[in-house]
């Protein structure tokens with residue numbers, strides 16, 4: 001369903017395998033929603049989609065208790081958050097109060113409604129989309145929200161050959177119905193157990209911590225990477241190593257994933273923003289200046 005863009009697809013699968021969530025930031029029409037639907041169909045998983053708007057309230061996300069006149073009792077009607085894959089479309093169009101309705105489920109894998117806490121289904125993943133072009137009527141995502149996304153990715157425009165292949169493939173329209181499932185929730189759970197056992201040597205964890213410390217001490221950043229960010233980077237590196245068929249993490253795994261895992265969690269100083277240095281650029285400079293450990297033979 002998605003022509004090309006294997007790197008973005010790998011990051012989405014990585015987040016799923018590492019119990020993480022994905023923030024897709026891209027212009028309209030590049031396939032963000034199609035990617036989420038294709039992933040759910042490939043896993044035979046339930047997909048719920050929420051179109052975030054300024055008038056959305058937390059109950060629209062979590063669900064509501066309503067009075068059933070037939071039996072004279074209150075009943076709970078679960079909201080769309082109780083799904084295996086939740087597509088939060090244009091998350092930044094909702095108010096901060098509604099955005100915060102996702103926080104508990106993203107971190108604790110549960111949702112609390114009227115004092116009652118219920119677990120969300122497993123595997124559970126939030127795929128949120130942002131439209132960076134239209135800024136009117138949008139609310140910036142708070143740092144606490146951004147910090148709960150394991151990776152930030154973008155699909156981007158296809159190359160000419162990819163777009164030509166797309167036009168040829170879908171000249172009779174797109175249909176997800178023909179997409180077969182290739183894995184189940186149980187398969188994902190087993191893969192997660194394997195990833196948890198991937199070895200992270202002290203040398204590699206030291207390299208990871210050097211990068212984390214550098215973000216906290218950089219004069220170009222006013223907010224460095226949090227402890228949650230370092231855990232996310234380590235777990236993502238374990239998942240990436242497993243996806244490459246290895247039982248151990250290399251420094252290159254950490255280096256490869258540092259930007260998609262960390263850049264959205266950082267805040268640049270005002271002077272850096274005026275110079276046009278985005279957090280990804282600053283982070284790239286930090287990574288390039290951090291010595292990579294080399295095993296001595």
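None of the figures in this text is laboratory data; all of them are computed from the coordinates on show. All figures in this text were calculated on a predicted structure; none of them were measured in a lab. All Cβ positions, even for glycine, are placed from backbone atoms using ideal geometry, and neighbour counts span all protein chains on display.
A few remarks follow.
- Mean silhouette area of region 197-289, derived from the convex hull of its C-alpha atoms and averaged over all directions, reads 5.6 nm².
- Potential lengthening between residue 10 and residue 68 on full extension [0.36 nm per residue; Cα-Cα distance subtracted]: 16.3 nm
- Considering only Cα atoms, the convex hull volume of region 6-172 works out to 146 Å³ per residue.
- Between residue 252 and residue 161, the C-beta separation translates, for a Förster distance of 25 Å, into a calculated FRET efficiency of about 0.30.
- Dimensions of region 143-271 along the principal axes, based on C-alpha atoms and rounded to the nearest Å, stand at 54, 41, 27, largest first.
- At the listed q of 0.08, 0.12 Å⁻¹, the Debye profile of the chain, built from one uniform point per Cα, gives log10 I(q)/I(0) equal to -0.39, -0.86.
- Of all the options 256, 172, 235, the one that moves most in a Gaussian network model of the chain with Cα springs shorter than 10 angstrom is 172.
- Fraction of alpha-carbon pairs over 12 Å apart in region 184-227 - percent: 70 percent
- Under the simplified labelling scheme, the residue 177-residue 292 pair shows an inter-label distance of 4.9 nm, with each label point 7 Å from Cα along Cα→Cβ.
- Descending Cα extents along the principal axes, region 1-56, whole Å: 35, 23, 19
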